[in-house]
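Here the structure comes first, spelled out in structure tokens, and everything after it is commentary.
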Amino acid sequence: MIRKRAQYTAMLASVTVVFALVTTGSAKNAMAEALPTVHGIPVSIRQVYTVQKGDTLWNIAKNSSLPVWQLKDVNPALNTISANQLPIGQTLFLPNIWVVHRGDSLFEISRMKGISIHSIEQLNGLKSALLTPNMTLLLPARTAATQH
């Protein structure tokens, strides 16, 4: 019990969460939704996954079309545990991604997704606008700070 409490406390301390306001018609119906952040930018989440018996970090990443390092970026608690001993029942955020194809540009991705070029660059630690095919980009959540 004490070990589980310590793990839970460590997980809470290591996960950075930002609250984004999601409006569903009126201010009365607004609700707060927790989103993980990477480099201070909220990440768009496509699914919350619950670890099952036999799961490994590599398999979850592969099945989600993510590199392991991006899965760890979005789920910082994974940096403190063994990749082959994930706690059953632990929840993981699986982010929305963009797999770059030949001819893709940050401008096009930004326009299609309704997010700023700067937020894509900052979230992915890009030093230039040069994209290469098969590069996997995390997509920022659509908030007031990340939209055009």
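The values are calculated or read from the model by the stated rules, or taken from the named source; none is laboratory data. Computed from a prediction, not measured in an experiment: that's the story for all the values here. When we count neighbours, we look across all protein chains shown, and the Cβ atoms used for this are built from the backbone with ideal geometry, even at glycine.
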Query raised in the report: Can residue 43 be described as in contact with a strand residue (DSSP E or B) (Cβ under 6 Å, 6 or more places away or on another chain) and either within 18 Å of residue 139 (Cα to Cα) or at pLDDT below 90 (or both)?
Result: yes
Query raised in the report: When you look at residue 126, is it more than 24 Å from residue 48 (Cα to Cα), in contact with a helix residue (DSSP H, G or I) (Cβ under 8 Å, 6 or more places away or on another chain) and not polar (S, T, N, Q), yes or no?
Result: yes
Query raised in the report: Can you tell me which residues in segment 67-96 are assigned to a loop (DSSP other than H, G, I, E, B) and either of a type in the set (Lys, Arg) or surrounded by fewer than 19 Cβ atoms within 10 Å (Cβ to Cβ) (or both)?
Result: 67, 81, 82, 83, 84, 85, 87, 88, 89, 90, 96
Query raised in the report: Scanning for something in a loop (DSSP other than H, G, I, E, B) and crowded, with 18+ Cβ neighbours inside 10 Å, does segment 97-114 turn up at least one residue?
Result: no
